[in-house]
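Structure first, commentary second.
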There are 2 protein chains.
Amino acid sequence: MLYAGLAGKGDQGMQNPSGQVDRPVSFHFLESMLPKAVKRRVHALKRLQVQCANIEAKFYEEVHELERKYAALYQPLFDKRRDIVTGTVEPTDEECEWQSDRDEEEELADAKKEEATPEEDPKGIPEFWLTIFKSVDMLSDMLQEHDEPILKHLKDIQVKFSEPGEPMSFTLGFHFEPNGYFNNAVLTKVYKMKSEPDPSDPFSFEGPEIIDCEGCQIDWHKGKDVTVKTIKKKQKHKGRGTVRTVTKQVPNDSFFNFFNPVKGENSEFTLATDFEIGHFFRERIVPRAVLYFTGEALEDDESEQDEDGDDDDDEGDFDPKVCLHPTLPSLSL
Amino acid sequence: MLYAGLAGKGDQGMQNPSGQVDRPVSFHFLESMLPKAVKRRVHALKRLQVQCANIEAKFYEEVHELERKYAALYQPLFDKRRDIVTGTVEPTDEECEWQSDRDEEEELADAKKEEATPEEDPKGIPEFWLTIFKSVDMLSDMLQEHDEPILKHLKDIQVKFSEPGEPMSFTLGFHFEPNGYFNNAVLTKVYKMKSEPDPSDPFSFEGPEIIDCEGCQIDWHKGKDVTVKTIKKKQKHKGRGTVRTVTKQVPNDSFFNFFNPVKGENSEFTLATDFEIGHFFRERIVPRAVLYFTGEALEDDESEQDEDGDDDDDEGDFDPKVCLHPTLPSLSL
């Protein structure tokens with residue numbers, strides 16, 4: 001819609017008679033309605049803006065370096081987590097001190113449980129990662145029943161950042177204990193990123209974006225590949241009219257398709273979903289796994305979602321607390 | 001809702017018979033149902049998680065430093081922008097070269113305009129900031145008709161970060177040319193931030209958050225203060241029953257209340273809105289003002305909003321392109 005009332009008004013802006021801003025006007029047209037000398041100056045500002053975008057790209061490269069630096073600081077804590085989860089290390093009493101804020105409920109539950117079952121002591125924290133997969137919607141959507149026994153063998157998920165000088169990327173590593181399903185000790189998925197403004201559209205630059213990803217070959221034990229299933233099909237011979245049954249391998253739903261996604265229109269693994277999942281592992285699950293195990297992070301994510309739902313403001317769909325510095329952004333955004 | 005079926009099942013997780021995850025269960029209860037030895041290990045993981053939050057706080061401090069460093073790199077470009085906007089500097093032909101992607105529409109408009117009016121050459125880019133205020137919903141909501149002539153004198157908006165060692169904050173500076181409304185050359189608003197995990201709730205830490213803000217005293221010329229209005233009120237004398245008219249000053253809607261917000265329940269200036277606006281100036285308006293002037297940034301913000309609207313996924317309310325590194329986050333989130 002072009003706002004005819006603007007013609008000839010020069011610099012009087014984009015207000016219509018009701019005092020409301022007339023938003024649907026094309027910016028190309030608005031710009032073109034400016035006096036030539038003003039339009040020229042606006043173009044100068046746009047050139048400055050391109051320079052800003054190039055500086056911003058360098059900023060994000062430095063943030064990536066900072067993330068690499070901090071990844072090394074987190075790693076000993078994540079290693080300790082893995083050792084406790086797998087039962088390799090038993091934490092000391094001091095390392096386990098924790099004041100629960102719901103002691104009464106807990107005692108009640110303890111009492112109940114003691115009636116019901118003798119105290120167990122399994123190794124480490126059983127099904128730690130599987131429980132997380134089941135709790136987070138984005139992951140449970142991919143999870144199939146046949147994936148569960150395999151994921152019980154998942155020991156750790158790690159994030160590795162690309163080295164300086166390499167094209168920007170991060171790699172998710174899913175570390176498994178020896179299992180009856182495949183030979184790989186680690187299944188990997190690399191997410192490649194781009195951190196430069198597109199010269200043909202520099203203003204759309206908002207920091208690094210995931211541009212591609214690459215899974216890995218899973219070396220399945222014979223008959224254990226859950227990403228395919230064997231179906232029987234009746235086949236009719238054209239000439240003779242006889243019917244025979246043939247078996248055929250077809251793709252099967254499974255979380256493990258994550259390592260070799262079929263990117264088709266009818267697939268659940270669209271590229272966007274895949275990027276989202278990779279990002280979620282990197283920014284939420286790996287850095288705060290225990291909170292997804294206990295459910296604390298889920299409660300946070302959900303209450304933030306609710307707040308967003310209440311907010312009808314156009315530009316206001318934003319929680320200042322969450323958004324202020326979300327270099328490691330929350331997905332509630 | 002407590003999921004009774006879990007009692008005595010030990011580590012078998014939180015699945016109900018339908019295979020769906022039973023989400024409303026309190027995490028306190030789930031945690032309490034774990035065998036004691038496992039619960040102990042989970043507590044050890046929580047202690048590690050607190051250490052992670054403390055490392056994360058240091059990370060965000062370094063990001064803040066990085067932002068300070070880059071603010072100095074952007075500043076010469078922003079100064080140049082101000083000089084072009086105010087007409088202090090006329091950009092060279094080379095500085096104005098810009099290939100418009102809608103040349104035809106532009107020529108058409110040029111032709112139309114030449115018919116209608118003689119070519120104008122006002123100083124700089126008139127009403128640059130006022131046009132932005134009118135275009136952005138969050139700002140136009142605050143804008144009153146009586147604010148507009150004042151904002152025509154706005155020359156620049158700047159962001160200054162706190163120095164290292166000082167409590168973390170940023171200051172918005174609204175720079176005005178001499179005008180008939182107030183004596184201040186700069187109106188300021190400081191946003192104070194906190195970048196440490198709350199010891200009583202360390203897991204809620206997601207980076208720095210705005211915790212307080214402070215405006216400034218505006219030295220209005222006599223009778224020019226648009227944040228108050230004079231009303232006439234009839235007052236009846238209790239004893240004599242005579243009626244007299246008194247004048248009274250009451251608060252008046254105005255953008256300039258931004259510098260002295262009334263934080264009441266019935267006020268539009270709730271603290272949350274105030275933080276949101278400050279954040280929006282800092283992260284969007286100041287860094288890319290020309291794109292809000294032309295409307296290009298508005299189109300981006302809106303199309304992102306639409307995408308969000310389509311997305312019904314619980315954790316999926318997220319555009320990987322926008323969110324990946326939003327240290328300078330977009331408010332479309």
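The values are calculated or read from the model by the stated rules, or taken from the named source; none is laboratory data. Since the model is a prediction, treat every value here as computed from it, not as a measurement. Neighbour counts are summed over all protein chains in view; Cβ atoms, including those assigned to glycine, are modelled from backbone coordinates with ideal geometry. SASA here: full protein model, heavy atoms, side chains in, ligands and nucleic acids out. Shrake-Rupley method; radii C 1.70, N 1.55, O 1.52, S 1.80 Å.
Any chance the stretch A:230-248 includes a residue that's within 25 Å of the chain's Cα centre (by Cα) and either closer than 23 Å to residue A:287 by Cβ or among the hydrophobic types (A, V, I, L, M, F, W, C) (or both)?
no
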message = Just to be sure I understand the filter: pairs with C-beta atoms under 6 Å, separated by 6 or more residues or on different chains, first member in the stretch A:191-203 and closer than 20 Å to residue A:62 by Cβ, second member assigned to a loop (DSSP other than H, G, I, E, B) and open to solvent by less than 60 Å² (accessible area, probe 1.4 Å). Which pairs pass?
response = A:193/A:168; A:193/A:208; A:195/A:168; A:195/A:208; A:197/A:205
note = residue B:206 meets each of (1) closer than 30 Å to residue A:296 by Cα; (2) surrounded by 20 or more Cβ atoms within 10 Å (Cβ to Cβ); (3) in contact (Cβ under 8 Å) with a residue 60 or more places away in the chain with one exception, condition (3)
Total residues in the stretch B:256-282, condition modelled with pLDDT of 90 or more, touching a Gly at 6+ places or on another chain (Cβ under 8 Å) and within 11 Å of chain A (Cβ to nearest Cβ) = 1
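Give me the residue from the stretch B:31-40 that is assigned to a helix (DSSP H, G or I) and at the interface with chain A (Cβ under 7 Å from one of its Cβ atoms) and, out of that set, most open to solvent (accessible area, probe 1.4 Å). Break it down stepwise before answering.
Going residue by residue through the stretch B:31-40, those that are assigned to a helix (DSSP H, G or I) are B:31-32, B:36-40.
Cutting the leftovers down to at the interface with chain A (Cβ under 7 Å from one of its Cβ atoms) gives us B:31-32, B:36-38, B:40.
Working: B:31: 19, B:32: 1, B:36: 102, B:37: 21, B:38: 2, B:40: 67 Å².
That would be B:36.
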message = Quick check on the stretch B:42-55. Is at least one of its residues open to solvent by 20 Å² or more (accessible area, probe 1.4 Å), assigned to a helix (DSSP H, G or I), small (Gly, Ala, Ser) and touching a residue at least 60 places away in the same chain (Cβ under 8 Å)?
response = no
inquiry  = Six or more apart or on different chains, Cβ atoms under 9 Å: show the pairs whose first residue is in the stretch A:118-143 and without any contact (Cβ under 8 Å) to a residue 24 or more places away in the chain and more than 24 Å from residue A:88 (Cα to Cα) and whose second is among the aromatic types (Phe, Trp, Tyr) and assigned to a helix (DSSP H, G or I).
reply    = A:140/A:133
request  = Please verify whether the stretch A:307-323 includes one or more residues that are within 14 Å of chain B (Cβ to nearest Cβ), at pLDDT below 90, under 18 Å from the mean Cα position of the chain (by Cα) and open to solvent by 10 Å² or more (accessible area, probe 1.4 Å).
outcome  = no
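Using the structure shown, decide if residue A:156 is touching a Lys or Arg at 6+ places or on another chain (Cβ under 6 Å) and acidic (Asp, Glu).
Working: touching a Lys or Arg at 6+ places or on another chain (Cβ under 6 Å): yes; acidic (Asp, Glu): yes.
So residue A:156 fits the description; yes.
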message = Against the conditions (1) surrounded by 19 or more Cβ atoms within 10 Å (Cβ to Cβ); (2) at positive phi, where does residue B:223 fall short? Just the number, please.
response = (1)
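Sort out which residues of the stretch A:41-67 are of a type in the set (D, E, K, R) and more than 7 Å from chain B (Cβ to nearest Cβ), and write them in order of number. If you could, list the steps in order and put the result at the bottom.
Step one: of the stretch A:41-67, the residues of a type in the set (D, E, K, R) are A:41, A:46-47, A:56, A:58, A:61-62, A:65, A:67.
Correct list: A:56, A:58, A:61, A:65, A:67.
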key: Odd one out for residue A:229 among (1) open to solvent by less than 10 Å² (accessible area, probe 1.4 Å); (2) at pLDDT 85 or above   = (1)
query = Restricting attention to the stretch A:156-178, which residues are in a loop (DSSP other than H, G, I, E, B) and open to solvent by less than 20 Å² (accessible area, probe 1.4 Å)?
reply = A:162
